[in-house]
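Single-structure report; data block below.
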Amino acid sequence: MKSLVIANQKGGVGKTALVAHLAFDFAERGLRVLVVDLDTQGNASFTLRSHVILGEASALFGDKPPKVTGKPGINLFRADAPLANLESKNLQESASRLRNNFRALGREFDVCLIDTAPALGVRLVAALVSADFVLSPIELEAYSLQGIRMMVSTIQNVRKGNPALKFLGILPSKVDSRNPRHQAHLEELKSTYKGLLLPTPIGLRSSVADALALGEPVWTIRKTAARKAIREMRGVAAHLHDAMKL
Ligand SMILES: Nc1ncnc2c1ncn2[C@@H]1O[C@H](COP(=O)(O)OP(=O)(O)O)[C@@H](O)[C@H]1O
Ligand SMILES: [Mg+2]
């Protein structure tokens, strides 16, 4: 099983939108997809509610791996309230339990997508210590640009403890191509993070929000307005499918 954490300590940048669309796309490719929702807001759990629910995400921080069988399609450990208690627990212990449990689940799934809360806490660091890949969606607003610096340095620090963690890059999301501020921020990101910027940005598309509310991918929405969103979401999924060698 290859695992990918979607992380940015800023909220509203498109993390959950990406997790859901990667899950839909990878499941259509016939993969056994595990989605772990570590955000107590439970947005990914809501969008993926009609898929297989394996249990609560806090169980993945227990001392034994949950006994589950992976099936082709989307399998979910949904967000639950006790996840919040992890923030006052010992980081080393939480990280080593999550890591061991992922290793045990690895035989049952091909890919694991981990959605995270907008905070640099125990859950996020435990996920980064346990995973193979990390990707950071970013919104092209000033506060997000400030935040990404901290995110990149967190990832660099975790890599000291988990050198196998590969940073797949920064994904500009909710990009309004007609907004000069977004254009200026995109140029700024390009010059600061050269090789780290993904070549497949996601535009600001209301069809993405429509799809998330319906619990469906954008490609099932029958509106011509969804066409660009479909191309973009499929593009990033194909890019990551290759990058992770799934
Ligand atoms: N590409 C997009 N275009 C327009 N709205 C989006 C897009 N991606 C996400 N949204 C909407 O923006 C809000 C935040 O997105 P979400 O994926 O929940 O971000 P995060 O998980 O980082 O908090 C949600 O209401 C969602 O429906
Ligand atoms: Mg979210």
Please work out which residue is farthest from His241 (Cα to Cα), limiting yourself to segment 195-213 and to residues that are among the aliphatic types (A, V, I, L, M) and outside any loop (DSSP other than H, G, I, E, B). Ala213
Test each condition in (1) in contact with a Leu (Cβ under 8 Å, 6 or more places away or on another chain); (2) assigned to a helix (DSSP H, G or I); (3) surrounded by fewer than 24 Cβ atoms within 10 Å (Cβ to Cβ) for Ala84 and report the one that comes out false. (1)
Answer from Gly30, Gly70, Gly62 - the residue that is on the phi > 0 side of the Ramachandran plot and either surrounded by fewer than 21 Cβ atoms within 10 Å (Cβ to Cβ) or modelled with pLDDT under 95 (or both): Gly30
Among the residues that make up segment 138-145, is at least one of them within 30 Å of Ile74 (Cβ to Cβ) and among the aromatic types (Phe, Trp, Tyr)? no
Which pairs turn up if I take residues in segment 228-244 that are within 16 Å of Glu216 (Cα to Cα) and look for partners that are of a type in the set (Lys, Arg) with beta carbon separation below 6 Å, at least 6 apart in sequence or on another chain? Ala229/Arg205
All positions within segment 6-44 that are in a loop (DSSP other than H, G, I, E, B), under 10 Å from the mean Cα position of the chain (by Cα) and within 9 Å of ligand 2 (Cβ to nearest atom): Gly14
By residue number, the members of segment 1-44 that are free of Cβ contacts under 8 Å to residues at least 40 places away in the same chain and within 12 Å of ligand 1 (Cβ to nearest atom) are Gly42
Identify all residues within segment 1-22 that are farther than 15 Å from Phe133 by Cα and of a type in the set (A, V, I, L, M); write none if there are none. Val13, Ala17, Ala20
Criterion: in a helix (DSSP H, G or I) and in contact with an Asp or Glu (Cβ under 9 Å, 6 or more places away or on another chain) - qualifying residue of Asn75, Asn100: Asn100
Output the number of residues of segment 191-208 satisfying the condition of being surrounded by 13 or more Cβ atoms within 10 Å (Cβ to Cβ) and without any contact (Cβ under 8 Å) to a residue 24 or more places away in the chain. 2
Within segment 149-168, residues touching a helix residue (DSSP H, G or I) at 6+ places or on another chain (Cβ under 8 Å) and either part of a helix (DSSP H, G or I) or closer than 16 Å to Glu188 by Cβ (or both) come out as Val152, Thr154, Ile155, Val158, Gly161
Counting only residues in segment 217-227 that are in contact (Cβ under 8 Å) with a residue 12 or more places away in the chain and in a loop (DSSP other than H, G, I, E, B), the one surrounded by the most Cβ atoms within 10 Å (Cβ to Cβ) is identified as Pro217
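The values are calculated or read from the model by the stated rules, or taken from the named source; none is laboratory data. Given the structure is predicted, the values throughout are model-derived calculations rather than measurements. Cβ atoms come from the backbone with ideal geometry, glycine included; neighbour counts cover every protein chain shown.
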